[in-house]
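K.L.:
I'd like to ask you about the structure that follows.
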Amino acid sequence: QESWFDRRTDHSKGETEVGWTARHTWQANASMSTAVQGLYRPSIGRLRAVLHTVSPRISAFYTPDFEQYFQLVHGSRRDRYSGLGSSATPSARRSLSYSLSNSLQVKWADEEGAEERIDLLSLQLSGSYDRTRDVRGDLPGTQRFSNLALSVRLTPSKSLGIRASMPYDPYERERGTMTITLDARQSAEPIEAPDKEPGPLEEDAVVELTEREKLYAGDPYASPESSPWSVSAHGTWTLPRDSPSTLRLNGGIGFNPTPKWRLDYRTSFNATTGEQESQFLSIARDLHCWTGNFSWRESSGVWSYFLVLRVKDLPDIKLENREFGFNDR
């Protein structure tokens, strides 16, 4: 890479040298990976097949030492081009990164014989080695081997997932902060609209999403059109090595009391302190050619609400009102 500058800094004199100069830098990297798979076909109940995949990967990075672009001032190296409208001169780097992943995918058969694939279990391990690090005894951050990152995820069904992760120090032989999360979601089957013949203008019509539909796009548990009801729960348990653990719980529920009404409620609760940290309420109403949305949220002693009425065919025509305030605590 070639970069041109109309000035550079002389740190030894504390002055700026004016005049066009070029800086030439380059970097190189290479990686290699593969996958080894084993397929088992047991005959145990509804279990049809188990696929085990092992995927190792290694990457190498190299950046030479561009010492001609640095100055040694009072025992420290100073970049002559730093802060002149461009990125800093890259430092020397000779490192390797490595990872190993294991995954188990199972194939189940339901009562009707239809098969379903589930990524049941995955185990990840990764780390790196930096040859250019200045090792200074046991000072953290100077060791050439990084901490190992370990994570495991168990997904017994599409509506339930459990994940645990933690770093491991290979020098101290101690673990870091462990985090365990649990996600559970359940919803009713979506209600399909009755089939009808498209009109002359409907076949190529562009579907415009409302603001609320854009907000919940991609979330089948929150979209009012996707499911008559849905329930979700999320928990995070943090276990530091040298301090007390914390447990936070999040939950949500949404349902359609009638075909034109939709209610959603979500809350966050700190089980360690016994305090509710936040909550959110949303009410949506289909008003034939209008849509009405009301949302209210409260977090850290601050509350706010937002009310909007919008014409379906002309979404830019709308009436809205918003307000916020503070709880008396």
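The values are calculated or read from the model by the stated rules, or taken from the named source; none is laboratory data. These numbers were taken from a predicted model, which means no experiment stands behind them. Virtual Cβ from ideal backbone geometry, glycine too; neighbours counted across all protein chains shown. To get the accessible areas, we keep the full protein, side chains included, count just its heavy atoms, and leave off ligands, DNA and RNA. Shrake-Rupley method; radii C 1.70, N 1.55, O 1.52, S 1.80 Å.
K.L.:
Among 307-315, 36-44, how do they line up by average Cβ neighbours within 10 Å per residue, starting with the highest?
P.N.:
On the way: 307-315: 14.1, 36-44: 9.1.
Ranked from most to least packed, the peptides come out as 307-315, 36-44.
K.L.:
So if each residue of separation counts as 0.36 nm, and I subtract the Cα-Cα distance between Tyr40 and Phe326, what length gain in nm does that give?
P.N.:
Working: separation 286, 0.36 × 286 = 102.96 nm, distance 5.99 nm.
Result for the pair: 97.0 nm of gain on full extension.
K.L.:
At what distance in angstrom do the alpha carbon centres of the range 238-282 and the range 292-322 lie from each other?
P.N.:
Cα centroid of the range 238-282 versus Cα centroid of the range 292-322: 22 Å apart.
K.L.:
So, one more: At q = 0.17 Å⁻¹, what is the base-10 log of I(q)/I(0) for the range 1-143 according to the Debye formula with one equal point scatterer per Cα and no solvent? Please give it to two decimals.
P.N.:
The Cα Debye sum returns log10 ratios of -1.02.
K.L.:
Taking a probe of 1.4 angstrom, what is the accessible area of Thr258 in Å², to the nearest 10?
P.N.:
60
K.L.:
How big is the accessible area of Phe306 in square angstrom, nearest 10, if you roll a 1.4 angstrom probe over the protein chains?
P.N.:
60
K.L.:
Place a label point 7 angstrom from the Cα of Asn250 along the Cα-to-Cβ direction, then list the residues of the range 256-293 whose backbone nitrogen is under 13 Å away.
P.N.:
Correct set: 266-270, 277-280.
K.L.:
In nm, to one decimal, how far is the modelled label at Gln186 from the one at Trp4, with both set 7 Å along Cα→Cβ?
P.N.:
If labels sit at Gln186 and Trp4, their model points lie 6.8 nm apart.
K.L.:
For the range 234-329, which GluC sites (Glu not before Pro) are in a loop by DSSP, counting at most 11 other Cβ atoms within 10 Å?
P.N.:
Qualifying residues, ordered by number: none.
K.L.:
So, one more: Which FRET efficiency, nearest 0.05, do Phe145 and Leu72 yield, Cβ-Cβ r, R0 22 Å?
P.N.:
That pair, Phe145 with Leu72, gives E of 0.20.
K.L.:
How much length is gained on full extension from Thr267 to Arg285, taking 0.36 nm per residue of separation minus their Cα-Cα distance? If you can, show how the numbers build up before the last one.
P.N.:
Working: separation 18, 0.36 × 18 = 6.48 nm, distance 2.18 nm.
That works out to 4.3 nm of additional length.
K.L.:
Which value does Rg/Rh take for the range 260-315 over its C-alpha atoms, Rh per Kirkwood?
P.N.:
1.16
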